[in-house]
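The values are calculated or read from the model by the stated rules, or taken from the named source; none is laboratory data. Note that the structure is predicted; figures quoted are calculated from it, not measured. We place every Cβ from the backbone using ideal geometry, glycine too, and count neighbours over all the protein chains shown. To get the accessible areas, we keep the full protein, side chains included, count just its heavy atoms, and leave off ligands, DNA and RNA. Shrake-Rupley method; radii C 1.70, N 1.55, O 1.52, S 1.80 Å.
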Amino acid sequence: MIKPTRFGAGCLLTQPEVFPSVAELLDNEAIGHIQLLVIPQSDVTFQTNIEIFEPYSGKIRIHAPHHFHQVNPCDPDLYSSGIFNIRDHIESAMSQTLESADRTGSEIIVLHAGRYRHGQKEEAIARFHNFLDLYPDPRYILESLPDLQRGPTYLGTTPDELKILGAGTVKGVCPDFPHLWCTSKVRDIPYLDLLDGMAQLGMKFSHLSGSPGPDSDRQHLLFDDPDNIFNLGLLRSFLTVHKDLELSLEFPVDDPAIIMRQVAIGSEC
């Protein structure tokens, strides 16, 4: 059994109305942390929203915006809509991210390297290092991204890639367990080898959800979704060894009852 307090639930900075129900779970020790995803917004709205989260004394972990929010460090122009200046957008987004971490007391900032156009891997690595130079912070941890078979390529799908990307300048890594499983399937790498490689990089946090596998962009499934084929049992021995690793549940739901059902399922893995 895994203690429920190792698990965490998510909340969006843009949806402060959801926060009380998630905070109640944490206050009652039904979970152990809240992952707050920063989504870029106007400065006025940001200040209004962060003031709701700032006074909370429970454990908050900050997740930086990613390519869904037009923040794609390794290839910034890839997700530029042309509606606004992408550089100014990223500048504002990262400013809000760092301020959110400051004001909530988060010890970490989960960061995606992003996606890049095929054939541009070396350029993508260089652009990511430039991103770290532009927006330095000692709290960054790099999330493992999935090797999916559709769309632009994700950067940071294996421990070797994450080691190159971190280059001694980040705090550690955030293994996303279903992401790594997708990568193991595509690249025919034993899953436990990828997990062991992540452990050697210094795991500071982790993500957990269901997955349909690498053939679909519809990731982050509930554990009991009929399309989920990620076997939680694959993690049993690994999580037993790494007893202090926080497990942040990433699901597109806000209902506390559904969250607690997923905690109960995950506790059995």
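I'd like the full set of residues that are out of contact with any Lys or Arg (no Cβ under 6 Å at 6 or more places or on another chain) and surrounded by 15 or more Cβ atoms within 10 Å (Cβ to Cβ), limited to the range 213-223. Result: GLY213, GLN219, HIS220, LEU221, LEU222, PHE223. Checked against (1) touching a Gly at 6+ places or on another chain (Cβ under 7 Å); (2) in contact (Cβ under 8 Å) with a residue 40 or more places away in the chain; (3) of a type outside the set (A, V, I, L, M, F, W, C); (4) over 23 Å from THR240 (Cα atoms), LYS185 meets all criteria but (2).
Residues in the range 31-75 that are of a type in the set (A, V, I, L, M) and open to solvent by 20 Å² or more (accessible area, probe 1.4 Å): 4 in all.
Sort out which residues of the range 127-152 are open to solvent by less than 60 Å² (accessible area, probe 1.4 Å) and under 14 Å from PRO76 (Cα atoms), and write them in order of number. The answer is PHE128, HIS129, PHE131, LEU132, TYR135, PRO152. Of everything in the range 167-193 that is of a type outside the set (Val, Ile, Thr) and crowded, with 23+ Cβ neighbours inside 10 Å, the residue that is nearest to ASN228 (Cα to Cα) is PRO178.
Among the residues of the range 97-133, which ones are of a type in the set (Ser, Thr, Tyr) and touching a Pro at 6+ places or on another chain (Cβ under 7 Å)? Of everything in the range 97-133, those that are of a type in the set (Ser, Thr, Tyr) and touching a Pro at 6+ places or on another chain (Cβ under 7 Å) turn out to be THR97, TYR116. Scanning the range 224-267 for residues that are among the aromatic types (Phe, Trp, Tyr) and open to solvent by less than 20 Å² (accessible area, probe 1.4 Å) gives PHE230, PHE238.
List, please: which pairs have Cβ atoms under 7 Å, are six or more places apart or on different chains, and start with a residue in the range 152-165 that is under 16 Å from ASN130 (Cα atoms) and of a type outside the set (Phe, Trp, Tyr) and end with one that is open to solvent by 10 Å² or more (accessible area, probe 1.4 Å) and modelled with pLDDT under 95? Between residues of the range 152-165 that are under 16 Å from ASN130 (Cα atoms) and of a type outside the set (Phe, Trp, Tyr) and residues that are open to solvent by 10 Å² or more (accessible area, probe 1.4 Å) and modelled with pLDDT under 95, there is no close pair. Report, by residue number, each residue of the range 19-37 that is closer than 22 Å to GLU99 by Cα and over 19 Å from the mean Cα position of the chain (by Cα). Across the range 19-37, the qualifying residues are PRO20, ALA23. When you look at ILE31, is it in contact with a helix residue (DSSP H, G or I) (Cβ under 7 Å, 6 or more places away or on another chain) and assigned to a loop (DSSP other than H, G, I, E, B), yes or no? Yes. Mind checking whether some residue in the range 87-99 is touching a residue at least 40 places away in the same chain (Cβ under 8 Å), under 19 Å from HIS179 (Cα atoms) and crowded, with 21+ Cβ neighbours inside 10 Å? No, the range 87-99 contains no residue that is touching a residue at least 40 places away in the same chain (Cβ under 8 Å), under 19 Å from HIS179 (Cα atoms) and crowded, with 21+ Cβ neighbours inside 10 Å. Of all the listed residues (SER21, SER42, SER80), the sole one being farther than 28 Å from TYR154 by Cβ and out of contact with any Asp or Glu (no Cβ under 9 Å at 6 or more places or on another chain) is SER42.
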